[in-house]
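Visitor: Pasting in a structure now, in structure tokens, and then I'll have a few things to ask.
Each value in this text was obtained by applying a stated rule to the coordinates, not by laboratory testing. Quick caveat, the model's predicted, so the values are computed rather than measured. Heads up, the Cβs are rebuilt from the backbone with ideal geometry, glycines too, and the neighbour counts pull from every protein chain shown.
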């Protein structure tokens with residue numbers, strides 16, 4: 001499912017031009033989204049229409065969490081996206097990557113509190129740094 005979702009999400013023409021210009025000189029190349037950019041260029045995988053990327057005005061409550069070590073979804077993107085929701089909240093999870101939900105009980109407790117419509121009094125969760133040995 002993840003592959004189909006990513007491939008159908010596609011890429012805007014502006015982002016495609018930027019990636020083509022930067023991918024060969026980037027430290028990690030295309031390893032974060034391994035070969036997806038290349039597959040989007042060479043396969044005829046159906047992509048969703050342009051309006052897919054446009055956020056319509058809404059009254060949805062939303063909680064967005066982003067990790068400072070996430071190479072796929074940047075903190076700045078989550079902050080801007082949260083502003084487009086009626087009650088958009090953004091919490092930064094320091095030292096977490098893309099799959100941050102099971103890295104700390106505080107993360108899951110925060111998500112549960114949001115679903116229970118309880119007050120969330122934090123904007124940041126700090127995890128221990130990841131040590132590379």
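Visitor: If I stretch the segment between residue 42 and residue 101 completely, what's the gain in nm (0.36 nm per residue apart, minus their alpha carbon distance), one decimal?
Guide: Gain on stretching residue 42 to residue 101: 17.9 nm.
Visitor: Measuring from label point to label point, each 7 Å out along Cα→Cβ, what is the residue 2 to residue 55 span in nm?
Guide: Roughly 2.4 nm, to one decimal.
Visitor: Assign one of three labels to the stretch 69-133, namely rounded, prolate or oblate, based on the Cα gyration tensor with a ≥ b ≥ c the square roots of its eigenvalues; rounded applies when a/c is under 1.5, prolate when it is not and a/b is larger than b/c, and oblate otherwise.
Guide: The shape class here is oblate.
Visitor: Another question, if that's okay. Suppose the chain between residue 27 and residue 128 were pulled fully straight at 0.36 nm per residue; how much longer would it get relative to their current alpha carbon spacing?
Guide: Full-extension gain reported as 33.8 nm.
Visitor: How much length is gained on full extension from residue 120 to residue 9, taking 0.36 nm per residue of separation minus their Cα-Cα distance?
Guide: Full extension of this stretch gives 36.8 nm more.
Visitor: Enter the mean projected area of the convex hull around the alpha-carbon atoms of the chain, in nm², rounded to one decimal.
Guide: Directional mean of the projected Cα hull area for the chain stands at 10.2 nm².
Visitor: Rounded to the nearest 5, what % of the DSSP beta bridges within the chain are antiparallel ones?
Guide: The antiparallel fraction comes to roughly 0 percent.
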